[in-house]
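Student: Have a look at the structure that comes next, please.
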Amino acid sequence: MRLEVRHLELVVAIADCGSLRKAAARLHLTQPAVTTQLKRIEGHLGGALFLRSAGGVVLTPAGSDFVQEARSMLTQLITLERVTRRNAQSSDAPTRVAGIPAYHFGLLVSALRDNVTSRTIKETATLTALLTTGELDIAVMRRFPGTPLSLPPNAGHQLLTREPLFVGVPDDHPYARASEIPLAALADDKWVMPEPDDSGMNAHFARECAVAGFEQRIAHFSSEPHVALTLIRSSGAVCPLYPVGGTPPGVARLPVAGNPLVREVVLAWRTDAPVAGEIDDLCDQVAAGYLRLVEESDVYARWWRSGGEAFALGS
């Protein structure tokens with residue numbers, strides 16, 4: 001005999017259900033048919049996949065390995081069907097984009113022009129899962145030191161920028177008029193930080209603050225920029241700020257001396273998606289758009305011209 005998809009489905013069903021009887025009901029087969037088929041599979045493989053008992057069945061070590069590989073193959077088949085069906089439906093199917101709500105995301109959507117659908121998603125695990133299943137073609141993701149991305153084998157990726165993270169302080173802060181601020185100078189300040197998530201940003205901040213000799217005094221958690229900016233102005237707190245963008249009244253945006261706080265913005269795509277052939281051009285367009293935004297951001301432009309370009313684009 002030769003193993004077929006139905007054999008994989010049968011063994012996985014038995015493992016999931018824990019008994020031949022329940023597996024037979026799930027597969028709409030009789031229990032004798034499931035028993036016979038399992039014996040044929042085990043005979044072909046040369047060993048038992050399950051240990052039988054009065055209470056049901058449990059996997060043998062060989063059975064555990066088989067089921068793990070079988071699940072992977074069945075998942076790949078589902079993905080293959082989904083991708084093929086989508087491509088067969090229309091050669092003009094839109095490119096499906098998702099990503100973090102960063103400027104790079106808007107620049108990518110603009111570069112793809114009209115034939116695109118998009119949505120913002122912050123969670124790294126969600127973006128990775130959607131790329132894995134083929135529900136996304138391309139994504140803008142973030143990567144912080146100490147928390148590497150784990151992309152599926154059928155995904156390519158390329159670094160777009162390595163951004164410094166600046167800090168926002170109230171305009172009456174002792175360093176508000178400085179060209180930069182040492183991280184250690186924020187040891188006594190109260191912080192506003194985003195809600196912890198799977199990006200590793202908060203853990204990165206905690207480690208760098210520890211290196212600088214202090215533990216953050218986090219007074220507020222908010223992932224909404226307008227809330228964080230209001231708290232800077234009203235309560236004297238400090239918070240992380242991305243370098244691109246304007247600075248509202250009452251807030252000073254400062255580079256951190258030595259650039260210890262960073263994030264990498266990464267473009268990831270499915271290698272079997274039509275957009276894979278456009279990656280170099282898309283990256284060039286996003287880079288050009290990003291440089292325009294740098295020039296529109298006074299503090300970032302000064303940092304960039306003072307040597308920051310090598311930091312942001314040289315790694």
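The values are calculated or read from the model by the stated rules, or taken from the named source; none is laboratory data. All values reported here derive from a predicted model rather than from experimental measurement. FYI the Cβ positions are ideal-geometry reconstructions off the backbone, even for glycines, and counts take in every protein chain you see. Heads up: the accessible areas ignore ligands, DNA and RNA and are worked out on the full protein's heavy atoms, side chains in. Shrake-Rupley method; radii C 1.70, N 1.55, O 1.52, S 1.80 Å.
Student: State the number of residues belonging to segment 282-312 that are touching a helix residue (DSSP H, G or I) at 6+ places or on another chain (Cβ under 8 Å) and open to solvent by 70 Å² or more (accessible area, probe 1.4 Å).
Tutor: Going through segment 282-312 one residue at a time, the tally reaches 1.
Student: Mind listing just one residue for me: the one in segment 33-51 that is free of Cβ contacts under 8 Å to residues at least 24 places away in the same chain and open to solvent by 90 Å² or more (accessible area, probe 1.4 Å) and, of those, nearest to residue 74 (Cα to Cα)?
Tutor: Initial filter on segment 33-51 (free of Cβ contacts under 8 Å to residues at least 24 places away in the same chain): 33, 35-36, 39, 42-43, 45-48, 51.
Now drop any that are not open to solvent by 90 Å² or more (accessible area, probe 1.4 Å), which leaves 39, 51.
Details: 39: 21, 51: 24 Å.
Per the criteria, the residue is 39.
Student: Being β-branched (Val, Ile, Thr) and over 14 Å from residue 111 (Cβ atoms) is the filter here, so list the residues in segment 258-299 that pass it.
Tutor: Here is the first cut: in segment 258-299, the residues β-branched (Val, Ile, Thr) are 262, 265-266, 271, 275, 279, 286, 294, 299.
Matches in segment 258-299: 262, 265, 266, 271, 294, 299.
Student: Please tell me if residue 215 is out of contact with any Pro (no Cβ under 7 Å at 6 or more places or on another chain) and not basic (Lys, Arg). Before you say what the answer is, go through the steps one by one.
Tutor: On the way: out of contact with any Pro (no Cβ under 7 Å at 6 or more places or on another chain): yes; not basic (Lys, Arg): yes.
Taking the combined requirement at face value, the residue satisfies it.
Student: A further question on this structure: Inside segment 252-291, can you point out the residues that are hydroxyl-bearing (Ser, Thr, Tyr) and part of a helix (DSSP H, G or I)?
Tutor: Narrowing segment 252-291 to residues hydroxyl-bearing (Ser, Thr, Tyr): 271, 290.
Result: 290, single match.
Student: Scan 228, 219 and give me the residue that is open to solvent by less than 20 Å² (accessible area, probe 1.4 Å), aliphatic (A, V, I, L, M) and more than 19 Å from residue 141 (Cβ to Cβ). Spell out the reasoning first.
Tutor: On the way: 219 fails: open to solvent by less than 20 Å² (accessible area, probe 1.4 Å).
Going through 228, 219 in turn, just one is open to solvent by less than 20 Å² (accessible area, probe 1.4 Å), aliphatic (A, V, I, L, M) and more than 19 Å from residue 141 (Cβ to Cβ): 228.
Student: Here is a follow-up. Restricting to segment 75-100, count the residues that are modelled with pLDDT of 90 or more and more than 24 Å from the chain's Cα centre (by Cα). Spell out how you get there, then give the answer.
Tutor: From segment 75-100, those modelled with pLDDT of 90 or more are 95-100; that's our starting set.
With the extra rule that they be more than 24 Å from the chain's Cα centre (by Cα), the set shrinks to none.
Matching residues across segment 75-100 total 0.
Student: Tell me which residues, restricted to segment 129-148, are in a loop (DSSP other than H, G, I, E, B) and either out of contact with any strand residue (DSSP E or B) (no Cβ under 8 Å at 6 or more places or on another chain) or touching a residue at least 60 places away in the same chain (Cβ under 8 Å) (or both). Outline the logic, then answer.
Tutor: Quick first cut of segment 129-148, residues in a loop (DSSP other than H, G, I, E, B) only: 134-137, 145-146, 148.
Scanning segment 129-148 gives 134, 136, 137, 145, 146, 148.
Student: Any chance segment 163-179 includes a residue that's assigned to a strand (DSSP E or B), in contact with a strand residue (DSSP E or B) (Cβ under 7 Å, 6 or more places away or on another chain) and under 21 Å from residue 139 (Cβ atoms)?
Tutor: yes
Student: If we scan segment 106-126, do we find a residue that is modelled with pLDDT of 90 or more, within 12 Å of residue 267 (Cα to Cα) and within 13 Å of the chain's Cα centre (by Cα)?
Tutor: no
Student: From the list 263, 253, pick out the single residue that is more than 18 Å from residue 101 (Cα to Cα) and basic (Lys, Arg).
Tutor: Numbers: 263 fails: more than 18 Å from residue 101 (Cα to Cα).
None of the other options fit; the residue is 253.
Student: A further question follows. Given the residues 205, 144, which is the only one that is under 16 Å from residue 100 (Cβ atoms) and buried (at least 18 other Cβ atoms within 10 Å of the Cβ)?
Tutor: Just one listed residue meets the conditions, 144.
Student: Identify, from the list 249, 255, the residue that is out of contact with any Phe, Trp or Tyr (no Cβ under 9 Å at 6 or more places or on another chain) and of a type outside the set (Val, Ile, Thr). Give the steps one after another, and end with the answer.
Tutor: On the way: 255 fails: out of contact with any Phe, Trp or Tyr (no Cβ under 9 Å at 6 or more places or on another chain).
Step by step, each of 249, 255 is checked, and only 249 is out of contact with any Phe, Trp or Tyr (no Cβ under 9 Å at 6 or more places or on another chain) and of a type outside the set (Val, Ile, Thr).
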